1. In whole Hz, what ³J(HN,Hα) sequence does segment 318-330 give by Karplus (6.51, -1.76, 1.60; θ = phi - 60°), x for Gly and Pro?
2. What ranking do 306-314, 92-100, 51-59 get when scored by the average of other Cβ atoms within 10 Å per residue, highest first?
3. Please arrange ASP439, ASP195, ASP403, ASP5 by accessible surface area, largest first, computed with a 1.4 Å probe and ligands excluded.
4. Give me the distance in nm between label points sitting 7 Å out from Cα along the Cα-to-Cβ direction at ALA189 and ARG452, one decimal.
5. Any chance you could get the radius of gyration and Dmax over the Cα atoms of segment 63-111, in Å?
6. Mind giving me the nanometre distance, one decimal, between the label points for ALA309 and ASN163, set 7 Å out from Cα along Cα→Cβ?
7. Give me the distance in nm between label points sitting 7 Å out from Cα along the Cα-to-Cβ direction at ALA462 and PHE418, one decimal.
8. Given the protein chains as shown and a 1.4 Å probe, how many square angstrom of SER107 are accessible, to the nearest 10?
Amino acid sequence: MEWWDSIPSRYKIILAGNLSFVICNMDKVNMSVAIIPMAQDFGWSPSVAGLVQSAFFWGYIMSQLPGGYLTSKHGGRRVMPAGVTMWSLATAAVPLLAGTVPGLCVSRAAVGLGEAVAPSAATDMVSRVVPASERSTAVSMVFGGLHVGSILGLLAAPYLITNFGWETVFVVFGAAGLAWVLWFEQLMAGIMASDPETAALLTADRLGMSAAAAAADSHSGSHGGHAAGPVSGDVPWRAFLRSRAVQALMYTHFCNNWFHYTMLAWLPTYFTDTMSVDLMHAAQTALLPPLAGIAASAVAGPTADALIARGVPVPTVRKIAQCTAFLLPTACLLAASQPTDDSSWTVALITAALGISSFSLAGLYCTHQDLSPKYSSAMLGLTNTSGAIPGILGVAFTGLLYDQTGSWPVALFYPTMFFLLTGAAVYTMLGSNAPEDYDVPELNAPFAFEARVRGVLAQPKAALAGVWQKLQSLLPQLPRRGGSKKQL
């Protein structure tokens, strides 16, 4: 197709990332819908349902740092299809393992293991092939696939459940992920043939480059210079942890994901409970926030890029975007938590809150590349580790709190408002978007606590070695195997 061949390779890669995120969120929201008939079939309480939904994040948090490292080393082009394959197979296996809560939790944790690499892999591909002038738009387009996935999942899941049973949802959605992998490999083969330079950028080992060389190699440029320290070939985790900007980013990511994960998991149940609607109508109502998110994403990225092109400082643009994403939703949730007989008003406020929060795509999610194109994927793995904690604690905590209080505002809205407010304050006052060099040796020196930990661990190790030597001295000397041979 001529029109397809004429599209620049970087736009095809953005589309591929967008579609992978569509499938990614389809496989997240499928459980938030299927959990309702599953809980009825198996007799689960809200606490058990929250535990099942949080199991996804057990695997999700475990893969963040390894996924960030592997993506930096091998490129998102290689890591992304491996992750999609893993989570799609685990999704399709849910009906086989759902007979017991532990089995279901294991399968959902495996979905989390696969999906954990998607943000780092997508960020890596964008940072390698998309220039800085298009960064906000590209990130908004790729991560905007999450909203599309929520919509498709919330549309398809109730239909499949109603007509074919909840098991069908997981089989169909798993097959969609495997189909994406086949298409993506064909796409990469085409780019290799028609645009080998871009294909090489996608697989280059960035850990062996200086920060400046990585930025130049990816055509990403920068909005400020910095000296390049020695190249270690490893991910500078200690330098990340010492950086105040990264610390602020980790907390901001935590707050952002508390909002999204608790809402994603509990909105269909909330609508079913408070609006007295059936599963189909609850899921259809839950479609509204992702629709608003698509609209906000389409505005946030291009607007941020336009402001930067007009000379507005990058830090100013990022902080405006992030404060918009946190403070306006806080006001909406505060209004939604007030008693009212007008359920449509509550739905409108929740929809606005989740839609406006998509401005994080022009703030939080661009900051990793602002700080370091070279290490953006590994850094996202680190901040997404803190961002995965709400998936484990927040989702389960919401169910437990609702069990205890019977109040959705107390369980769902008030904790979210606290984190949105504090997240906006931390990102604004402590965050930074100026490029940083994490290859400086002093920044990667061991922390003081590491020596103490090694000392504590060395004591039992030495004691065990002494015991082993004592045992060896007490044991009789056994003849070696084949030690004596009859001479012929």
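1. 4, 6, 4, 4, 6, 5, 4, 5, 9, 7, 5, x, 4
2. Result, highest mean first: 51-59, 92-100, 306-314.
3. If we order ASP439, ASP195, ASP403, ASP5 from most to least accessible, we get ASP5, ASP403, ASP195, ASP439.
4. Each label point is offset 7 Å from its Cα along the Cβ direction, giving 5.7 nm.
5. For segment 63-111, the Cα radius of gyration and maximum Cα-Cα distance read 13.1, 39 Å.
6. Using points 7 Å along Cα→Cβ, the separation is 4.4 nm.
7. Computed distance between label sites ALA462 and PHE418 equals 4.5 nm.
8. 0 Å²
The values are calculated or read from the model by the stated rules, or taken from the named source; none is laboratory data. Since this is a predicted model, take the numbers as computed values, not measurements. Note that each Cβ is placed from the backbone with ideal geometry, even for glycine, and that neighbours are counted across all protein chains shown. Side chains are part of the model used for accessible areas, which takes the heavy atoms of the whole protein and leaves out ligands, DNA and RNA. Shrake-Rupley method; radii C 1.70, N 1.55, O 1.52, S 1.80 Å.
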